[in-house]
Amino acid sequence: MEYGMLINYGLCTGCDTCEVSCLKEKGLNADEWGIKVQQIGPKKLGGAWEWDYVPVPSRLCDLCAERRAQGKVAPCEMHCLAKVIEILPVDKIAERMVELGGKKVTCFMP
Amino acid sequence: MTLADQPYVTEEDGVMKVRTCAWSPPGDHPVGCGLILHVKDNKLIKVEGDPENPVTNGRVCPRCLALDEIVYSEERLQSPMVRDRSERGKNTWKKISWDEAYDILEDKIHEIWDKYGAESIFTLTGTGRESTLYAPVYGPAICNTPNGASTYAFSGEACYGPRATITNYLLGAGVPEIDWAQYWEDRYDHPGYEVPKYIIVWGKDPLYSSPDGFFGHSIIDLMKRGSKIITIDPRLTWLGAHAEYHLQLRPGTDAAVGMGLLRVIIKEGLYDKEFVDKWCYGFEELVEAVEEWTPEKVQEVAWVDPEQLVGAARAFATNAPSTATWGVALDQSKASTQAAQCFLALCSICGYIDVPGGVTITKPTSFIGKWRYDMMDVLDPEMAAKHIVDPDGKYALFNAGAAMGGVQGDTLLNWLEGKWADRPEYYPLKMCWIIGNNPLACMADQPQRWYKAMQDLDFIVAQDIFMTPTIMGLCDLVLPLSTFAEHEGLVTPNYGRNQHFIGAMNEAIVNPNTKSDLEILIDMGRRMRPELWEGMETPDKFFDAKLKENYGYGLDEVKAVPAKMSGYEYRKYEKGLIRDDGQPGFQTTTGRIELYSPILDAFGEKPVPYYEEPEFSHLSHPELADEFPLYYTTGGRHISMFHSEHRQAGTTMRRLHPWPLVTINPAVAARYGIEEGDWVEVTSPQGSMTQKAHLTEEVNEKFIHVEHAWWFPEQDPEAPNLYGVFKANANNLIPHESVSVTGYGAPYKNGICKIRKVSGLDHE
């Protein structure tokens, strides 16, 4: 079963929790990252403020396959303060994206 | 009992997983985030969230995830240390044993008592840390001084105290909090709970600060459930960018905006008439007070777009239930009282107090509140009368000590500087004991003046997890603190003033070198005034006794669960559950919520809100407008740092946010030739400081925003540098004693300034 990482980035607040969770879980060096938060904005777009954060998993992200195989949740998903990260089977992702409102939701297969 | 046998520990592959609740040192306010500390052979190897914690549900911010880097930092204090008074500012500390340290402290207190009297001892405490719970006690109950309880090196006590005090008087309650179903295990599914339709977030950025016990990201939980946001903030915060309404006000004009909102709601008849008739006092006087605050006048004074103001007022008042939360910005202006009056009136006249999805309130104190008050009331009348107050009679409301005891911060600096040395009531202060505070970095307005004034003291002692600029510059004795992973404790959100749970802080690793604040206070209390500390040999005994007195259950019951939830009863005012006499109504002088406050009147403050222009603005000082063309706000912070904690070089937290940032609008920066990452000197009429430019439209072209509490542990520790504490220090900008007649509120977040590009943190 292939898995992907769904991100409800419309509500990501850029808290850096996923980055630090991953560093600690994987024992990465300080200049490495398994996931990194990108910031876009704030900038006025069509008269309203646009300000998004999008966490982007790197090639070092294996969606914590081993950990999940033990029935545990990936640390980025568990610790995420806004609860916007979900690791799901790919065939469930489209349905979940619509369920979340179908706006500012994305997914990654790192 | 070994660790493995404790009910809060599970074992997996030789790793002990210890459940606990967090509270600084280090890391956070009393949010009590549920953690699972992974421990192997008495070593913390990993931190995870506790998914069973009903409040945080496994969520943890970066600071606690990197807890190991603090626990095992080579820079941590691991032994009591002493230094000769003549060597202050020099890194010539000598390690001593705990017994030696306690003996020195005991001898010093006795010496001061005998030579000068106990009144010449004062305490300085901080805000936010675990020690906040015990801080009111150690001045009177250990040192026998009236100059103890909750004294800060802080102009206008400009954090929490103003809000807590005004709520005490106007609502007769603890601190109001939004209803995020925080009191129950089943949380948002609790029968009878309603999701607020609108949430006003006023002068607060809770997502990144989780203040006082409020788990900031619960706002996101509520947004997912349909809550809409109204922000009142000079800055565009992330929440502001995602809000229905953003009232972008001029710094320090909160009362004008508040009166404008009230006027719209009153004029358009949108308030809850039944609630106002039955439960509020002085509505007619409030109506009169806000009459002149038309949307146009609010715009003229406070910059707020009239459409946003009117829209926000209507949305808030006509969508019941809605709620509101207020932040430190309301404390950090001279007009803090008026802003707070407006905030409370707004929530009250809309009928949102103590209803599902509205604003929750509880009695002012719970848990160890009574113990705290009892322990402050242990001075003989002659000693109590020596309490330092302004000899000209200023700050009567503060000095009456409703929510906060202690010495008013501005009065204290004046006293230390000898302003009243020729007055009959004057006596010199000789000793200070600092707990949970790093005032030179964090709080002290005009920090160099505090630094100089405190040099005259005979003896200064502090306790902390790291050496700080304050300790290096001023102290003669330092006691090393344990982190929350290394001791027993309890977390009580909002310091007990609106407490949704009690959480056990469980010792996961043993550090024989350090002690907790409470352990130190108990040890010293039993040495100095043993009659007051009987039966309290250990924190566990203390907590167990206090829990049983207050709730009928003991420590074991708290330790057995992720969080002992408090439960909540709505509409307590109808049921006689707020007033001490059991009658319906509120615990105020009139028995109602006071929109008109007879108490404020009695203390020389106006009973209804009014507008006062900040002391340093382009309107109050038009002659300074050319030289200081911009406004500033301070207090900026990043999620990776808690006040002045987490600055240690090389740590993950410092790497996330390596330098103090001054936020500047790109158009303003262009005018001064400033680019992203340039060093920028900010100068107010009171002083200067330097931070690194960050260009963003989070601020408009009229003001800049600077960060607070910076020092640089990697720099020269010795005086005069003191880890660079005076270089990027936002408080250099702040005027001393620009406070209201109540003694509360100081302009940490509103002043005028100029900026220029400079070559570095150190520059000509």
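The values are calculated or read from the model by the stated rules, or taken from the named source; none is laboratory data. What you see is a predicted model, and the numbers here were worked out from it, not measured in a lab. Because the Cβ atoms are built from the backbone with ideal geometry, glycine has one as well, and the counts that use them run over all protein chains shown. Accessible surface areas use protein heavy atoms only, side chains included; no ligands, DNA or RNA. Shrake-Rupley method; radii C 1.70, N 1.55, O 1.52, S 1.80 Å.
For region B:26-125, the helices (runs of 4 or more DSSP H) that sit wholly inside it and include 3 or more residues that are over 30 Å from B:Ala141 (Cα atoms), among the hydrophobic types (A, V, I, L, M, F, W, C) and in contact with a strand residue (DSSP E or B) (Cβ under 9 Å, 6 or more places away or on another chain) are B:67-71. Does B:Lys108 satisfy the criteria of being surrounded by fewer than 24 Cβ atoms within 10 Å (Cβ to Cβ) and either within 11 Å of chain A (Cβ to nearest Cβ) or more than 26 Å from B:Met524 (Cβ to Cβ) (or both)? Considered against the rule, which asks whether it is surrounded by fewer than 24 Cβ atoms within 10 Å (Cβ to Cβ) and either within 11 Å of chain A (Cβ to nearest Cβ) or more than 26 Å from B:Met524 (Cβ to Cβ) (or both), B:Lys108 comes out as no.
Scanning region B:355-402 for residues that are in contact with a helix residue (DSSP H, G or I) (Cβ under 6 Å, 6 or more places away or on another chain) and basic (Lys, Arg), which turns out surrounded by the most Cβ atoms within 10 Å (Cβ to Cβ)? Looking at residues that are in contact with a helix residue (DSSP H, G or I) (Cβ under 6 Å, 6 or more places away or on another chain) and basic (Lys, Arg), I get B:Arg372.
Residues in region B:530-551 that are open to solvent by less than 50 Å² (accessible area, probe 1.4 Å), part of a loop (DSSP other than H, G, I, E, B) and without any contact (Cβ under 8 Å) to a residue 12 or more places away in the chain: B:Gly535 only. Based on what the data block shows, is B:Lys452 out of contact with any helix residue (DSSP H, G or I) (no Cβ under 7 Å at 6 or more places or on another chain), surrounded by fewer than 22 Cβ atoms within 10 Å (Cβ to Cβ) and over 19 Å from B:Leu555 (Cβ atoms)? Yes: the conditions hold for B:Lys452.
Could you list, in sequence order, the residues of region B:142-161 that are open to solvent by less than 10 Å² (accessible area, probe 1.4 Å) and not hydrophobic (A, V, I, L, M, F, W, C)? Answer for region B:142-161, where residues must be open to solvent by less than 10 Å² (accessible area, probe 1.4 Å) and not hydrophobic (A, V, I, L, M, F, W, C): B:Thr145, B:Asn147, B:Gly148, B:Thr151, B:Ser155, B:Gly156, B:Glu157, B:Gly161.
Scanning region B:625-670 for residues that are among the small types (Gly, Ala, Ser), free of Cβ contacts under 8 Å to residues at least 60 places away in the same chain and away from chain A (no Cβ under 14 Å) yields B:Ala669, B:Ala670. One residue alone among B:Tyr748, B:Tyr744 is of a type in the set (Phe, Trp, Tyr), open to solvent by less than 10 Å² (accessible area, probe 1.4 Å), touching a helix residue (DSSP H, G or I) at 6+ places or on another chain (Cβ under 7 Å) and under 19 Å from B:Pro162 (Cα atoms), and that residue is B:Tyr744. Of the residues making up region A:9-48, those that are within 30 Å of B:Gln308 (Cα to Cα) and open to solvent by 20 Å² or more (accessible area, probe 1.4 Å) number 11. Within region B:215-263, the set of residues being within 14 Å of chain A (Cβ to nearest Cβ), open to solvent by 20 Å² or more (accessible area, probe 1.4 Å) and part of a helix (DSSP H, G or I) comprises B:Met223, B:Lys224. Evaluating B:Thr165 against the criteria (1) in a helix (DSSP H, G or I); (2) among the hydroxyl-bearing types (Ser, Thr, Tyr); (3) surrounded by fewer than 24 Cβ atoms within 10 Å (Cβ to Cβ) leaves one unmet condition, (3).
Residues are listed down the side, and each one gets a yes or a no for (1) without any contact (Cβ under 8 Å) to a residue 60 or more places away in the chain; (2) out of contact with any helix residue (DSSP H, G or I) (no Cβ under 9 Å at 6 or more places or on another chain); (3) of a type outside the set (Gly, Ala, Ser); (4) more than 9 Å from chain B (Cβ to nearest Cβ):
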position: A:Cys22; (1), (2), (3), (4): yes, no, yes, yes
position: A:Gly34; (1), (2), (3), (4): yes, no, no, yes
position: A:Ile40; (1), (2), (3), (4): yes, yes, yes, yes
position: A:Leu45; (1), (2), (3), (4): yes, yes, yes, yes
position: A:Trp49; (1), (2), (3), (4): yes, no, yes, no
position: A:Glu66; (1), (2), (3), (4): yes, yes, yes, yes
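Checking each residue in region B:181-214 for being within 14 Å of chain A (Cβ to nearest Cβ) and either free of Cβ contacts under 8 Å to residues at least 24 places away in the same chain or not in a strand (DSSP E or B) (or both) picks out B:Arg187, B:Tyr188, B:Asp205, B:Pro206, B:Leu207, B:Tyr208, B:Ser209, B:Ser210, B:Phe214.
Here's the yes/no breakdown for (1) within 11 Å of chain A (Cβ to nearest Cβ); (2) crowded, with 21+ Cβ neighbours inside 10 Å:
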site: B:Met16; (1), (2): no, yes
site: B:Thr20; (1), (2): no, yes
site: B:Trp23; (1), (2): no, yes
site: B:His29; (1), (2): no, yes
site: B:Leu37; (1), (2): no, yes
site: B:Val47; (1), (2): yes, yes
site: B:Glu52; (1), (2): no, no
